[in-house]
1. Please give the length that would be gained between residue 273 and residue 313 if that part of the chain were fully extended, namely 0.36 nm times their separation in residues minus their C-alpha to C-alpha distance (nm, one decimal).
2. Can you give the net charge of the other residues whose Cβ lies under 12 Å from the Cβ of residue 470, counting K and R as +1 and D and E as -1?
3. Using the Cα centre of the chain as the reference point, and only Cβ charges (+1 on K/R, -1 on D/E), how large is the resulting charge dipole? Debye, rounded to the nearest 20.
4. Would you mind ranking 168, 426 by Cβ crowding within 10 Å, fewest neighbours first?
5. In which sequence would 191, 417, 432 go, from the one with the fewest C-beta neighbours within 10 Å to the one with the most?
6. Hull surface divided by four, with the convex hull built on the Cα atoms of the range 480-554: how many nm²?
7. Can you sort 159, 192 from fewest to most other Cβ atoms within 10 Å of each residue's own Cβ?
8. Could you tally the net charge around residue 156, taking each other residue with its Cβ under 11 Å from the Cβ of residue 156, Lys/Arg +1 and Asp/Glu -1?
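Here, each number is a calculation from the coordinates, and none is a lab measurement. A quick note: this is a predicted structure, and the numbers were derived from the prediction, not measured. Cβ coordinates were reconstructed from backbone atoms using ideal geometry, including for glycine residues, and neighbour counts include every protein chain displayed.
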Amino acid sequence: MNCKKISLRLVGDFKLSLLMLLITGYNAAQADAASQVGFEGYTSVQMNVDAFGQNIVGDAAHEPTIAFDPNNPDKLVTGWKQFGTVLSGNRQGGWAYSDNGGKNWHFEGVLTPGEQRTNIMVDVDSSGNFYYQNLHYGPGGDYAQDVQVFKSVDSGVSWWEPVYAYGKGADKGRIGIDRSGTSSDGHIYVHWREGLDDRHFTRSTDFGVSFDEPVSIPGRPAFGTIAVGPEGQVYIGGRNEIGTLTGAKLVFGAYLFSTSLNARDPLATSSFTTQEINLGGSPVMFQFQNNPNQFGPLGDVQVGVDQSNGPLRGNIYVLASVDPVGVDNQDVNFIRSTDGGITWSTPLKINTDKPDRNAYQWFAMQGVAPNSRIDAVWYDTRNSLQPAISQLFYAYSWDGGQTWSQNKPVTAPFDTHIAYPLGAQKLGDYTHLVSDANGAHIAYSATYNGEQDVYYLNVFPDCNNNSLSDVRDIQQHSSGDTNSNHIPDSCENITIIGDLDSDRDVDQLDLNKLLAARNKPASGPNDPRDLDQNGTINALDARKLTLLCTRQRCATQ
């Protein structure tokens, strides 16, 4: 087993930028504004920062990806395409880690300085080992020499030497890791598009020590993601590669969904079946500058699976930015399967802006939490009506995607047409989201500093706008959830037993109202104070109400 660690240092333009900051100083107020950007209770934290946590003036970064340790969600690792300067076309493999839930980031530079890397994607296994999948370019930087995978056993602080994972001439490499707890737990799956032949899928059954000879997937799905089911099933979404140029759009023929039921078997050669799926629109790629991402794509097809032990276990969810029928430019559409991908629901549009606004909803991201919540985030131009100005919007679902929360903007607007690094003419090809029980961890690209940088954002359900996840509110008994629908009672128009002051909480104030009438007869058979319905308001009613308190120790806050 190749366990040698790589020595990684700050090099080149990053070291020069840091030295200039030390020599010349910097405007602290401006730096603070650039490295953290707040918006309506949510805070975006820049990740490509110097040793002081401040913006590095003049560099560029995009296409970020993120993963968290399932045993400790405060441990986060991200990767991205890093450019030493905005004028450089030299792309390298940047990364950062956080051990405090994304409040601060340690940007250690780039993996294997001097070697070009792109299409980075990070993931994590059940033990908390992180993996960094990427396309490794040849010495001239003009073609993908192979796919490589790095491994970290110390939460992203350092990385072992890269492991060859085939993929010569590949593009858009993606990784998925089995965390099912079954016999295939720890299997690593890698998929890419293009390449020198039609074999686009490989796996490792030895925790990243080596990868199998690649196999082909019918239909060759592209621009998609990988998800693993609760029994180790492997699912890949994407679109086909057959496109027709129609005006300013390259329109592709179909969305695809591929399934393997034997990739989990280390003794079997992985095989797939592929079907076309209806997402209520077409996969497209805009060819000119009258779109938010200029000459780039509009995001990957997102595949997620419910891994919970609840009633939604095994549900498969597919979400994507689609080109809908009609005048609207882009929508975020969603479908689900409850039978392993055999049949699918009718497509549902998640964004709620009116079609005649001609807005773009693009770079759609999806995560499925261990408590069955689905998180969706996307870039959105609805508030500007200018293709160049976007902000992130958020919505979530607790019922398997049948209904969704209201769309909520969670970042300040930013200009996606700032075309750094030189020659890119796009904000990258994708961004990334993963969900834990409390909320969603997002790695995204933005231009708050007048250059392309990468940011971390944690979003969460917050129906009462107290800047705390509704999940934590309920767990900490700050709010009740008497109907067990994950929504704090204070946000719903419901009747709660014991709520005598009609504020949708049961607390000391309600107990005080009951005690004030102690030993008095009930006003009638429906008196809410007479909890035992014996006709008298007494100490037993007070005891019953105490057990109904929705706040810990019946506190009022």
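1. Full extension of this stretch gives 12.2 nm more.
2. -3
3. The dipole magnitude comes to about 200 debye.
4. Placing the least packed residue first, the sequence is 168, 426.
5. 417, 432, 191
6. Values: hull surface 18.9 nm².
Result: 4.7 nm².
7. Values: 159 23, 192 26.
Ascending Cβ contact count within 10 Å gives the list 159, 192.
8. Numbers: positive: 75, 151; negative: 69, 99, 108, 154.
Residues close to residue 156 contribute a combined charge of -2.
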